[in-house]
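These notes are about the structure you will find just below.
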Amino acid sequence: MSVLLLPQSLRAQIFAEACAAHPRECCGLLEGSAERITALHPTRNLAGEPDRFEIDPIEQFRLMREGRRIVGCYHSHPGGRAEPSPRDAQCASEVGFLWLVCADTLGAFVWDGAGFWPLVLAETADA
């Protein structure tokens with residue numbers, strides 16, 4: 001099983017965003033590599049329903065034009081589980097894209113084109 005490194009401060013930031021957005025889902029984009037997340041980019045949740053998320057594509061394109069290496073996304077499941085939902089699987093499309101799902105814990109997954117595969121999420125000290 002592959003390992004994804006996540007600094008403690010970014011982990012704390014995701015939980016803080018999830019708490020602030022409750023009962024709606026928070027969402028954002030992950031910058032870094034397939035092995036290590038180096039930055040989070042919170043985005044507006046454009047979804048109309050409180051139990052869904054839709055990342056603002058304008059924000060994603062802006063970050064990519066700035067040269068940011070966007071490797072995945074994160075969102076929360078208020079009152080749910082720290083794993084992708086069937087709805088998440090319907091919306092996933094980019095092979096190799098990382099997904100962090102925040103509930104009472106934080107789960108890490110990668111989309112392989114047919115399904116999600118769990119990753120070991122290792123917390124690192126901040127640099």
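The values are calculated or read from the model by the stated rules, or taken from the named source; none is laboratory data. Since the model is a prediction, treat every value here as computed from it, not as a measurement. A quick note on method: Cβ atoms are made from the backbone with ideal geometry, for glycine too, and the neighbour counts reach across all protein chains shown.
Taking ALA122 as the residue in question, decide whether it is within 22 Å of PRO7 (Cα to Cα), in contact with a Gly (Cβ under 8 Å, 6 or more places away or on another chain) and of a type outside the set (D, E, K, R).
Values: within 22 Å of PRO7 (Cα to Cα): yes; in contact with a Gly (Cβ under 8 Å, 6 or more places away or on another chain): no; of a type outside the set (D, E, K, R): yes.
In short, no.
Taking interchain pairs and intrachain pairs at least six residues apart, which have beta carbon atoms under 8 angstrom, with the first residue in segment 94-122 and exposed (fewer than 12 other Cβ atoms within 10 Å of the Cβ) and the second hydroxyl-bearing (Ser, Thr, Tyr) and assigned to a strand (DSSP E or B)?
As it stands, the answer is none, since no pair meets every condition given.
Assuming LEU29 fulfils every condition listed in (1) surrounded by 18 or more Cβ atoms within 10 Å (Cβ to Cβ); (2) in contact (Cβ under 8 Å) with a residue 60 or more places away in the chain apart from one, which condition is it?
(2)
Going by the structure shown, is VAL71 among the β-branched types (Val, Ile, Thr) and free of Cβ contacts under 8 Å to residues at least 40 places away in the same chain? Lay out the reasoning, then the answer.
Working: among the β-branched types (Val, Ile, Thr): yes; free of Cβ contacts under 8 Å to residues at least 40 places away in the same chain: no.
In short, no.
Output the number of residues of segment 43-57 satisfying the condition of being over 18 Å from ALA108 (Cβ atoms) and crowded, with 17+ Cβ neighbours inside 10 Å. Quick ask: steps written out before the conclusion?
Residues of segment 43-57 over 18 Å from ALA108 (Cβ atoms): 43-52, 54, 56-57.
From what is left, the residues that are crowded, with 17+ Cβ neighbours inside 10 Å are 43, 45, 52.
Of the residues in segment 43-57, 3 are over 18 Å from ALA108 (Cβ atoms) and crowded, with 17+ Cβ neighbours inside 10 Å.
Here is a check on your reading of the model: is ALA82 of a type in the set (A, V, I, L, M, F, W, C), within 15 Å of the chain's Cα centre (by Cα), farther than 16 Å from LEU119 by Cα and modelled with pLDDT of 95 or more? Don't jump to the end; show me each part of the working.
On the way: of a type in the set (A, V, I, L, M, F, W, C): yes; within 15 Å of the chain's Cα centre (by Cα): yes; farther than 16 Å from LEU119 by Cα: no; modelled with pLDDT of 95 or more: yes.
For ALA82, the condition - of a type in the set (A, V, I, L, M, F, W, C), within 15 Å of the chain's Cα centre (by Cα), farther than 16 Å from LEU119 by Cα and modelled with pLDDT of 95 or more - is not met.
Among the residues of segment 75-82, are any surrounded by 17 or more Cβ atoms within 10 Å (Cβ to Cβ), of a type in the set (Ser, Thr, Tyr), within 16 Å of ASP104 (Cβ to Cβ) and in contact with a strand residue (DSSP E or B) (Cβ under 6 Å, 6 or more places away or on another chain)? Before you say what the answer is, go through the steps one by one.
Initially, segment 75-82 is screened for residues surrounded by 17 or more Cβ atoms within 10 Å (Cβ to Cβ), giving 75-77, 82.
Okay, now just the ones that are also of a type in the set (Ser, Thr, Tyr), so 76.
Now drop any that are not within 16 Å of ASP104 (Cβ to Cβ), which leaves 76.
Next, from what is left, pick out any that are in contact with a strand residue (DSSP E or B) (Cβ under 6 Å, 6 or more places away or on another chain): 76.
Looking through segment 75-82, at least one residue is surrounded by 17 or more Cβ atoms within 10 Å (Cβ to Cβ), of a type in the set (Ser, Thr, Tyr), within 16 Å of ASP104 (Cβ to Cβ) and in contact with a strand residue (DSSP E or B) (Cβ under 6 Å, 6 or more places away or on another chain).
(1) surrounded by 15 or more Cβ atoms within 10 Å (Cβ to Cβ); (2) more than 19 Å from ILE14 (Cα to Cα); (3) not aliphatic (A, V, I, L, M): which one isn't true of GLY67, the others all being true?
In the conditions (1) surrounded by 15 or more Cβ atoms within 10 Å (Cβ to Cβ); (2) more than 19 Å from ILE14 (Cα to Cα); (3) not aliphatic (A, V, I, L, M), GLY67 misses (1) alone.
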